[in-house]
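Undergrad: Can you keep this structure in mind? I'll have questions shortly.
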Amino acid sequence: MANYLGGASPVGSNGQCNFEGKASRYVAGGNLWPGDFVKMNGSVTQVSIGNNPINLKQVVSAADNANEGYVGVVIGKVVSTSRSGSSPVLDTLVGPLAPIVSGDVVLVLDDPALRFSIPCTGTVTVANLGLTAQIDVPATGSNGRSAMKVDSTYLNAGTNAATAPVKVLDIVDSPDNDGTGATSGTVVIVQINNHQLNPATGRAGT
């Protein structure tokens, strides 16, 4: 497989690569890692940004192999609640560090149009493109990053529910990414299919 960061990494937005304004602040409702798919759990937490208390929605990790809605992907933890220019200060998680914990303010890429690269648990071929899948969610991250992967066992006819969380759109075009089906761990491009900020669930894979 290709040597990519763990979990999901943003690669574009329906053909564009501009992520400005596509990240929102949430509060972690449990342990999270950069690259994790997350979902809103219905809770709200009050935090202080500067001197102003604000209410932020809570997010928790995606469930292991479940058809459910996601709100986006975590890109980091806000370690300074004061403003620095126009952007918050992000914790840079590199190496075997502890996860983001409950109560931390996090930035989540939550635009439904965004696309992400992510490894699979097995092999993916062009015949699997356009199909929906569930996410394999390990108990913990690895080297400061998410260990989530697309569960490729769901990329089969009859298992492509409209409520499945992601849709596989493409195979990453890279010399070290084997998309022929010969090597486990193919890295693919996905879009959230069942997005919590959309008015309805996604579409079944075709």
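The values are calculated or read from the model by the stated rules, or taken from the named source; none is laboratory data. Since we're looking at a predicted model, the values are computed, not measured. Every residue, glycine as well, gets a Cβ built from its backbone with ideal geometry; the counts of neighbours run over all protein chains shown.
Undergrad: Only one of (1) in contact with a strand residue (DSSP E or B) (Cβ under 9 Å, 6 or more places away or on another chain); (2) more than 16 Å from residue 74 (Cα to Cα); (3) of a type in the set (A, V, I, L, M) is not met by residue 127, so which one is it?
TA: All conditions pass for residue 127, except number (1).
Undergrad: While we're here: Every residue in region 107-130 that is assigned to a strand (DSSP E or B), over 20 Å from residue 64 (Cβ atoms) and either of a type in the set (A, V, I, L, M, F, W, C) or modelled with pLDDT of 95 or more (or both), please.
TA: 107, 109, 114
Undergrad: Another question, if that's okay. Could you give every pair whose Cβ atoms fall below 6 Å, whose first residue belongs to region 45-67 and is in contact (Cβ under 8 Å) with a residue 12 or more places away in the chain, and whose second residue is small (Gly, Ala, Ser) and assigned to a strand (DSSP E or B), counting only separations of at least 6 or pairs across chains?
TA: Listed pairs, sorted by first residue: 50/82; 58/43.
Undergrad: Go through region 131-169 and count every residue that is more than 17 Å from the chain's Cα centre (by Cα) and in a helix (DSSP H, G or I).
TA: 2
Undergrad: Let me ask something else. Which count do you get for residues in region 131-144 that are at pLDDT below 90 and touching a strand residue (DSSP E or B) at 6+ places or on another chain (Cβ under 9 Å)?
TA: Within region 131-144, residues that are at pLDDT below 90 and touching a strand residue (DSSP E or B) at 6+ places or on another chain (Cβ under 9 Å) number 1.
Undergrad: For region 157-180, how many residues are of a type in the set (Val, Ile, Thr) and at pLDDT below 80?
TA: 2
Undergrad: Looking only at region 181-192, decide whether some residue is within 27 Å of residue 98 (Cα to Cα), surrounded by fewer than 20 Cβ atoms within 10 Å (Cβ to Cβ) and at pLDDT below 90.
TA: Yes: one or more hits.
Undergrad: Would you check if residue 44 is at pLDDT 75 or above, under 18 Å from residue 147 (Cα atoms), in a strand (DSSP E or B) and not acidic (Asp, Glu)?
TA: The answer is no for residue 44.
Undergrad: Identify, by number, the condition in (1) surrounded by fewer than 20 Cβ atoms within 10 Å (Cβ to Cβ); (2) closer than 18 Å to residue 185 by Cα; (3) not aromatic (Phe, Trp, Tyr) that residue 134 doesn't meet.
TA: Tallying (1) surrounded by fewer than 20 Cβ atoms within 10 Å (Cβ to Cβ); (2) closer than 18 Å to residue 185 by Cα; (3) not aromatic (Phe, Trp, Tyr), residue 134 fails exactly one: (1).
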